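Read-outs throughout are calculated quantities, based only on the coordinates presented, and are distinct from any laboratory measurement. Because the structure is predicted, anything quoted here is derived from the model rather than measured. Cβ atoms come from the backbone with ideal geometry, glycine included; neighbour counts cover every protein chain shown.
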């Protein structure tokens with residue numbers, strides 16, 4: 001899955017547990033995604049050419065990221081195991 005918040009992208013992996021059938025996001029993928037997102041925000045704040053952002057901008061971006069993770073997990077969950 002790719003997350004786009006500002007024209008760049010971050011990638012993470014969604015896996016299905018073959019024993020339980022549950023959906024998992026490996027910790028290293030989740031933390032890398034969060035660190036990359038935070039790094040882009042820090043760079044945005046430091047850029048004098050960018051307008052100041054209010055907390056609603058960051059809340060909206062996190063909600064969009066959560067929605068994309070949900071959608072990707074649903075997509076993996078709906079795929080038959082034979083397709084993976």
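Mind giving me the FRET efficiency for residue 47 and residue 27? R0 is 25 Å, r the Cβ-Cβ distance, nearest 0.05 is fine. Can you show the working numbers first?
Numbers: r = 30 Å, r/R0 = 1.21.
Using R0 = 25 Å, I get an efficiency of 0.25.
The modelled label-to-label distance for the pair residue 71/residue 34, using points 7 Å beyond Cα in the direction of Cβ, is 2.3 nm. With neighbours defined as other Cβ atoms within 10 Å of a residue's Cβ, the residues 20, 13 order from fewest to most as 20, 13.
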